[in-house]
Each structure stands twice: as C-alpha cells, then as structure tokens.
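Just below is one structure, and these are the notes that go with it.
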C-alpha cells in the first residue's frame, strides 16, 4: 500500500469519526480543536483526492463527507460566536464546493 493511499484512508477514517462525534455533540474542547485544525489544514490536492474517491457508499464521493463535517463545525462555532473560525471553515467549504461542482458538470 502506498503512503498516499494510507494517508487518504486515515483521513477518511478521521472524517467518519469526526462526523459521529460532532453529530452526537459528544466532544470535549481538545477533540473539537483537533477536528477544526484537521479540517482547515486540508489542501486542494486532498480535496481532489476526496472527490475522486468513494469509500463510503452513501456518499457519491468522500468530499461530500468532508463538506458535511465542515457544516457541523460551522454550526458549532456559530453557536459559540467564534466567527473567525467560522469564516475559515466557510472558505474551506467554498473551495470544496467548487471542486464538487466542476466534477458534476
């Protein structure tokens, strides 16, 4: 297994865990910070990899899962009125949606 594939599988597993933790409001501050830091560190290469992968059957691609986690984080930080973090997450979401739209046309 190549290093890139291994890292991709790790990040998808992280997204799945983050989705579960955030959707059940079952997180502490350290976990929330870890998810936030991971989400804003994703670059376009990984976003494109997500868009080309479909390891989770209910999603058309893994990028859809990434966007779902971004949405959950945006809601959390809006409720906390941490708007600077919201803006970074919104920017990441917009980048992701551009990639999704390019591939659905």
Among 73, 47, the single one that is surrounded by 11 or more Cβ atoms within 10 Å (Cβ to Cβ), over 22 Å from residue 103 (Cα atoms) and at pLDDT 85 or above is 73
Mind checking which residues of region 76-92 are under 12 Å from the mean Cα position of the chain (by Cα) and either closer than 18 Å to residue 10 by Cβ or buried (at least 18 other Cβ atoms within 10 Å of the Cβ) (or both)?
89, 92
State whether one or more residues within region 51-59 are touching a helix residue (DSSP H, G or I) at 6+ places or on another chain (Cβ under 7 Å), in a helix (DSSP H, G or I) and closer than 15 Å to residue 38 by Cβ.
no
Please tell me if residue 27 is surrounded by 15 or more Cβ atoms within 10 Å (Cβ to Cβ), modelled with pLDDT of 90 or more and in contact with a helix residue (DSSP H, G or I) (Cβ under 6 Å, 6 or more places away or on another chain).
yes
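For the structure I just gave you, tell me whether residue 41 is surrounded by 13 or more Cβ atoms within 10 Å (Cβ to Cβ), modelled with pLDDT under 95 and at negative phi.
Spelling it out, it is not the case that residue 41 is surrounded by 13 or more Cβ atoms within 10 Å (Cβ to Cβ), modelled with pLDDT under 95 and at negative phi.
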Are any residues in region 19-28 within 13 Å of residue 76 (Cα to Cα) and part of a helix (DSSP H, G or I), and if so, which ones?
19, 21, 22, 23
Options 81, 45, 31: the member that is without any contact (Cβ under 8 Å) to a residue 12 or more places away in the chain and not in a helix (DSSP H, G or I)
81
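The values are calculated or read from the model by the stated rules, or taken from the named source; none is laboratory data. Keep in mind it's a predicted model, so treat the numbers as computed, not measured. FYI the Cβ positions are ideal-geometry reconstructions off the backbone, even for glycines, and counts take in every protein chain you see.
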